[in-house]
Each structure stands twice: as structure tokens, then as C-alpha cells.
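The values are calculated or read from the model by the stated rules, or taken from the named source; none is laboratory data. Quick caveat: nothing in here was measured; it's all calculated off a predicted structure. Here Cβ is always computed from backbone atoms with ideal geometry, including for glycine, and neighbour counts include all displayed protein chains. For accessibility, only protein heavy atoms count, side chains too; no ligands or nucleic acids. Shrake-Rupley method; radii C 1.70, N 1.55, O 1.52, S 1.80 Å.
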Amino acid sequence: MESTRFALPGSVKMPRLQPKRLLRAAMRGSLQPRPSRWARRVSTCRLPRWLTGPFRPLVDEYLNPQVVGRQGYFQADEVSTLVARHMDGSAEHGRELWILLMFSLWVEEHKAYR
């Protein structure tokens, strides 16, 4: 096939386990400098509070056992445990709940039940 003619060797694609090195080199000067690790953490540190605050109605609606069970991708009792532990403050599952919430919203929007 013709597509293999343009393939790059692995040493160029991912030297020293830096998967975006080639892309960064090609875009140097065109993009803003890479944000610091601190800046990335700041944007996600509010997520646990948002899930117990303004997004709580969405969590209650889309991560309840009936909805999770109907969708069929995850065990409803496990999701309920994550939600309960996050909401009562005994554990911080903000990232996991956000991913589950976005997936649940997508499944409902597209009626992609199992």
C-alpha cells in the first residue's frame, strides 16, 4: 500500500518516550508556550466541589442506579458507592465521577444502551 511509504520510524515518532515531540517541534513558534503543571491542576481542583454543588442535580439524575443499570455499561451499585463516598466527603472521586457523568450524558443523548 502507498500509505507505508510515508511512515516514520519509531525513533522519530516517540524518542525517549516523548510522544508529542515531533508535533511540538513542528509547531514551535506557532503555539503559546506549554502551560505549567500548576496551571493544569488549578483548573481541575474545583471539580470535586462542583459535583457536590452546582452539578449535584446532574449527578443525581444521570448517575442514579436506575439510569446506570438501564445503560448497562457499569455496575450500578459500584457507581452508587462512588457517588455516596464522594458526596459524604469520605473519599474524593471527582475525576472518576466526572468521566462517568459525561459518559452517561453521552449514552442518554445517543440512546446507546447496551
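Okay, here's what the table says:
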read-out: Search result, residues across the range 81-103 that are more than 19 Å from the chain's Cα centre (by Cα) and not in a loop (DSSP other than H, G, I, E, B); value: 81, 84, 85, 87
read-out: Residues located in the range 70-98, provided they are farther than 15 Å from residue 49 by Cα, open to solvent by 70 Å² or more (accessible area, probe 1.4 Å) and among the hydrophobic types (A, V, I, L, M, F, W, C); value: 74
read-out: Candidate set from the range 35-61 (those that are among the hydroxyl-bearing types (Ser, Thr, Tyr) and surrounded by fewer than 10 Cβ atoms within 10 Å (Cβ to Cβ)); member that is modelled with the highest pLDDT; value: 36
